[in-house]
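Novice: Have a look at this one before I ask anything.
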Amino acid sequence: MRALGSLLLLLITLPSVLAVKSQDFKTCSQAAFCRRGRALSARAKTSSTWRSPYSVDPSTIAIAPEEASFTAGVKSSIYPEVNFGLDVRVHKDGVVRVRMDEVGGLRKRYDEAASWALLAEPEISREIKWTAGKNEVRAVYGDKKEFEVVVAFSPLKVSLLRKGKEQVVLNGQGLLHMEHFRTKESVEKTEAIAEEGVDSDGSQVVMQQVNARAWFEGETEDGWWEETFSSWTDSKPKGPESLSLDISFPNHGHVYGIPQHATSLSLPTTSGESAYYSDPFRLYNTDVFEYLADSPMSLYGSIPLMHAHSTASTVAVFDAIASETWIDIAHGSPGATETHWISESGILDVFLIPGPTPADVFAQYTRLTGTPALPAHWALGHHQCRWNYISSDDVRDVQRRFDQADIPVDVFWLDIEYAEEHKYFIWDKKTFPDPVEMTKDVEAIGRKMVVIVDPHLKRTSNYPVYQSASDLGLLVKQKNGESEYEGWCWSGGSAWIDFFNPASWDWWKSLFKTEEDPNHWTWTESTVNTYIWNDMNEPSVFNGPEISMPRDNVHYGGWEHRDIHNINGMLLPNITSQALMARTDPSYRPFVLTRSFYAGSQRFGAMWTGDNLGTWEHMAVGVKMVLANNIGGFSFAGSDVGGFFGNPEPEMLVRWYQVGAFSPFFRAHAHIDTKRREPYLLDEPYKSMLRSILRLRYSQLPVWYTAFREASVTGMPVLRPHYVVFPKDEAGFAVDDQYFVGSSGLLVKPIVKKGVKEISVYLPEDQVYYDYFTHYAYHGAAKGKNVTIPAELYKTPLLISGGSIVPTRERPRRSSPLMAHDPFTLRVALDKSGGARGELYLDDGVTYAHQKGQFVWREFGAQKAGKGVRISSRNLASQKPAEAVDGVALATYDNANEFARSIAGVRVERVVVFGLAAKPMSVKVQGGAELSFEFTPGVAAAGREGGASVLVIKDPSVSVTRDWEIVVQV
Ligand code: NOJ
């Protein structure tokens, strides 16, 4: 049935099927190591006596005194002469790290992926004691001693249990295989002995070994020493070195994560009879032209983090591996998931993240790889991009037309055509004669400029950036390890900066200085309001294998490109964001958009989903992809509004802006061949619709900023799918077309289909949900319920869940910095028991002064009082100082800090209460005079479905920085 479904889907998405050049990219069967991994799994499945050949040698166990870490030697029965070392440790927060590497081998496997992904070396717990038995070692831990990690010796199996139930199991299916380094000659010799009995004494033993190896590794060598794909030959100088590992979740029926794929959030099956996709999910950063809207193919970025979820718990695994990785998923028995990870090279370095709640998993994962950086406030505004605004006058004109149409925008972007011959940093003076003046014109009302800087450098001596990189030896090398690699990209024959070379870091940072430096070239034709877009960093190489670099290219330290491919892309935004911070003292928060990413990239800026098509399918899958990135720790995500390719009709464009307005990163972008489609160009009524969507986004910036602050401190994602917010509500586990924004209580269901006038929204609990615009009260049910809500084109389906207080700023402005002193509106959505709460975080939005206590963090509360309600504001920062900023505990928080004083005059100008039982008799600020109000009768929060009562309290004259209470008496 599913196969039929996917066939139908394939036919429906035919235009994109025809567009993608699938033949440019490998399937698993075209990648030798993936073939080997899948063949191993097939042998295991068909053998009733399958048993992993890997086992721990009990005599080698060493338990570090006082530490929750132990090491042991591991042997594989099929290669008794090869040694492996296992290292298992439990971190302070209960995460278990499992590492295995070949010891004393012919070469070294790449073992630095984690060092790029991790924020810091995690702290190992000192409280956990391993107990060693005859057949296993185990450690019990956790506050309630409910967690247990067990390492079984023979065969080797690592299990994480909670309350006696298996959460994650490594090598439970016996698919672990770390191909050790070998030489072609030694393999040939062994084979010859086995075949011909050359060595009369040893041949029988050898024969047995060869048979055992054939049983486990297959009869024939498959692509061990060389491999061809299309016209490219990969020389594989190190021979086979792949890593296969099965990871099972015996008690979890849903898995999520491993972005980036254009697929559903709850990941479908890729193996077995009911496979939805025939190929495994692939992680190999690639520039896929016109990618499919429903596919396990790899895309621009890779985060090897997988959540597994059930009503009982959420757990996760993070596989810190930098090489190409394929992941098969099978939902064999109900409520269980088996996965199989096959990587081309690298050590085994897997983190078992115990949860047990989604919030625990986010905290544990972001403690490893970092929380998303708190963006500059303006970066949450509307970004206007196009390939290309063709001149400085064009930029000025676009800005003027936005202002004339009174449509808010914060950032104007320049794509590659600003650069002379695509030599990034170097303005084409024919079209951009006055870049600094142009940027200053954009800066006038606090707007910013983002300019593209790609990692490929045109190989020409009149390009100072290339020339100095070449002179300093900072470029990626060909397979001989000596000559500069040349490939083809936008700038023609190009070389690539090797950011693995530490010498490149300061060099790269120095380029971004806005002042002259007698010692080297600097970007004096930029300002501190010029921010950066890093594109093509997979890396994209037009004439390379799979539109990327040859795998046998050589990087700093002698590593082959294959070893580091998936982390390569993250180094550029990492160093670029540092470069932007180094431009001023003190630093401004950087903004860097990246196309390629890996685990940990969330620390450096934003990502987008690349070159989507202007189709409804792409709009729909973009929502899921952004959700998956949020699950992967990378909240600051969005997709090109309008679709990169194509000319969207007005209806589609309006819907796409609605999607953008509810994405953390909100940028309109278009391909060079498309017609201009800036919002002011649309006819009515569409232009007004876009204006009001953009104003809605701007009015809700306090919600987004507060959600980002929370993400930057706790790791909780900015966009939250149902399973994250209602982890026990099974009916919501596969829901991925509606989601919550931070902790705000806003539930949005973007419309991603043509002609929609109403839509069914899933309500996960027995609670009232109010339509944001009409205040109509819908009721969910304990086991979940679908309600139908109006969704005419001008309207994004948006609900506020009862129990939330949503702060907004409703004055229309042309850019977000102009809103810094605007008053607030509070929407108080009473829950069934008459209460509500909400939060608001504010700081200067651009510097790091918040880390020194310069911020305001408020909690708004509504408590039922008789039939009325008391609405209050209190300081949260002094209640929870340790959570105040970036996890840095503030010893003292000063309510009257300088920032708070600077906005002391900012008022709450309106409080709107939904669902009050009856018209109030009096509304007062505690200790103050009566306030004026308007009351529209309607249903109460605890009442039936229908238009809710709405109380509008006008100008209570309370400061947003102070404690206050408004008493509503009914
Ligand atoms: C590819 C990017 O994905 C796209 O957004 C950009 O416009 C082009 N490169 C040109 O720079």
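Novice: Out of the stretch 812-835, which residues are open to solvent by 10 Å² or more (accessible area, probe 1.4 Å) and not in a loop (DSSP other than H, G, I, E, B)?
Specialist: 817, 818, 827
Novice: Tally the residues that are open to solvent by 10 Å² or more (accessible area, probe 1.4 Å) and either out of contact with any Pro (no Cβ under 8 Å at 6 or more places or on another chain) or not assigned by the TED database to the domain that holds residue 942 (or both), restricting the search to the stretch 755-771.
Specialist: Total meeting the criteria: 7.
Novice: Oh, and also: Tell me the residue from 133, 142 that is over 26 Å from residue 366 (Cα atoms) and either in contact (Cβ under 8 Å) with a residue 12 or more places away in the chain or open to solvent by 10 Å² or more (accessible area, probe 1.4 Å) (or both), please.
Specialist: 133
Novice: Quickly run through the stretch 490-518 and pick out the residues that are surrounded by fewer than 17 Cβ atoms within 10 Å (Cβ to Cβ), more than 16 Å from the ligand (Cβ to nearest atom) and part of a strand (DSSP E or B).
Specialist: Correct list: 493, 517.
Novice: I'd like the full set of residues that are aliphatic (A, V, I, L, M) and either open to solvent by 10 Å² or more (accessible area, probe 1.4 Å) or within 21 Å of residue 587 (Cα to Cα) (or both), limited to the stretch 367-393.
Specialist: 373, 374, 376, 379, 380, 390
Novice: Select the strands (runs of 3 or more DSSP E) contained entirely in the stretch 91-163, then report the ones holding at least 2 residues which are closer than 26 Å to residue 597 by Cβ, in contact with a strand residue (DSSP E or B) (Cβ under 7 Å, 6 or more places away or on another chain) and modelled with pLDDT of 95 or more.
Specialist: By residue number, 96-103.
Novice: Scanning the stretch 530-562 for residues that are under 27 Å from the mean Cα position of the chain (by Cα) and acidic (Asp, Glu), which turns out farthest from the ligand (Cβ to nearest atom)?
Specialist: Per the criteria, the residue is 560.
Conditions (1) among the aromatic types (Phe, Trp, Tyr); (2) surrounded by fewer than 24 Cβ atoms within 10 Å (Cβ to Cβ); (3) in contact with a helix residue (DSSP H, G or I) (Cβ under 8 Å, 6 or more places away or on another chain), marked per residue:
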{"residue": "520", "(1), (2), (3)": "no, yes, yes"}
{"residue": "554", "(1), (2), (3)": "no, yes, yes"}
{"residue": "565", "(1), (2), (3)": "no, no, no"}
{"residue": "576", "(1), (2), (3)": "no, no, yes"}
{"residue": "582", "(1), (2), (3)": "no, yes, yes"}
{"residue": "595", "(1), (2), (3)": "no, no, yes"}
{"residue": "602", "(1), (2), (3)": "no, no, yes"}
{"residue": "606", "(1), (2), (3)": "no, no, yes"}
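Novice: Now for a different question. Being outside the structural domain of residue 577 (by the TED database), of a type in the set (D, E, K, R), surrounded by fewer than 18 Cβ atoms within 10 Å (Cβ to Cβ) and out of contact with any Ser or Thr (no Cβ under 7 Å at 6 or more places or on another chain) is the requirement here; does residue 795 meet it?
Specialist: When the stated conditions are applied, residue 795 does not pass them.
Novice: Further question: Among the numbered conditions (1) more than 16 Å from the ligand (Cβ to nearest atom); (2) more than 21 Å from residue 426 (Cα to Cα); (3) in contact (Cβ under 8 Å) with a residue 60 or more places away in the chain, tell me where residue 527 comes up short.
Specialist: (2)
Novice: Which of (1) part of a loop (DSSP other than H, G, I, E, B); (2) open to solvent by 10 Å² or more (accessible area, probe 1.4 Å); (3) farther than 24 Å from residue 435 by Cβ does residue 363 not meet, given it meets every other one?
Specialist: With (1) part of a loop (DSSP other than H, G, I, E, B); (2) open to solvent by 10 Å² or more (accessible area, probe 1.4 Å); (3) farther than 24 Å from residue 435 by Cβ applied to residue 363, the lone miss is (1).
Novice: Please go through the stretch 318-339 and give me each residue that is closer than 30 Å to residue 539 by Cα, assigned to a strand (DSSP E or B) and either open to solvent by 10 Å² or more (accessible area, probe 1.4 Å) or among the charged types (D, E, K, R) (or both), ordered by number.
Specialist: Matches in the stretch 318-339: 319, 328.
Novice: Is it true that some residue in the stretch 394-405 is open to solvent by 20 Å² or more (accessible area, probe 1.4 Å), in contact with a strand residue (DSSP E or B) (Cβ under 7 Å, 6 or more places away or on another chain) and either of a type outside the set (Phe, Trp, Tyr) or within 16 Å of the ligand (Cβ to nearest atom) (or both)?
Specialist: yes
Novice: Residue by residue through the stretch 741-754, note down the ones that are surrounded by fewer than 24 Cβ atoms within 10 Å (Cβ to Cβ) and not in a loop (DSSP other than H, G, I, E, B).
Specialist: Residues satisfying the conditions are 741, 746, 748.
Novice: Given the conditions (1) within 16 Å of the ligand (Cβ to nearest atom); (2) out of contact with any strand residue (DSSP E or B) (no Cβ under 8 Å at 6 or more places or on another chain), report the number of the one that residue 690 does not fulfil.
Specialist: (1)
Novice: Within the bounds of the stretch 436-448, is there any residue that is within 16 Å of the ligand (Cβ to nearest atom), at pLDDT 95 or above, open to solvent by less than 40 Å² (accessible area, probe 1.4 Å) and more than 30 Å from residue 560 (Cα to Cα)?
Specialist: no
Novice: Also, quick follow-up: Does at least one position in the stretch 867-882 carry a residue that is open to solvent by 50 Å² or more (accessible area, probe 1.4 Å), modelled with pLDDT under 95 and within 28 Å of residue 950 (Cβ to Cβ)?
Specialist: Looking for residues that are open to solvent by 50 Å² or more (accessible area, probe 1.4 Å), modelled with pLDDT under 95 and within 28 Å of residue 950 (Cβ to Cβ), one finds at least one in the stretch 867-882, hence yes.
Novice: If you go through the stretch 213-228 one residue at a time, do you hit one that is crowded, with 16+ Cβ neighbours inside 10 Å and farther than 25 Å from residue 101 by Cβ?
Specialist: For the stretch 213-228, residues crowded, with 16+ Cβ neighbours inside 10 Å and farther than 25 Å from residue 101 by Cβ: absent.
The values are calculated or read from the model by the stated rules, or taken from the named source; none is laboratory data. It should be emphasised that the depicted structure is a prediction, and the values quoted were computed from it without experimental measurement. Quick reminder, even Gly has a Cβ in these numbers, built from the backbone with ideal geometry, and neighbours come from all protein chains shown. What goes into the accessible areas is simple: the full protein's heavy atoms, side chains included, and nothing from ligands, DNA or RNA. Shrake-Rupley method; radii C 1.70, N 1.55, O 1.52, S 1.80 Å.
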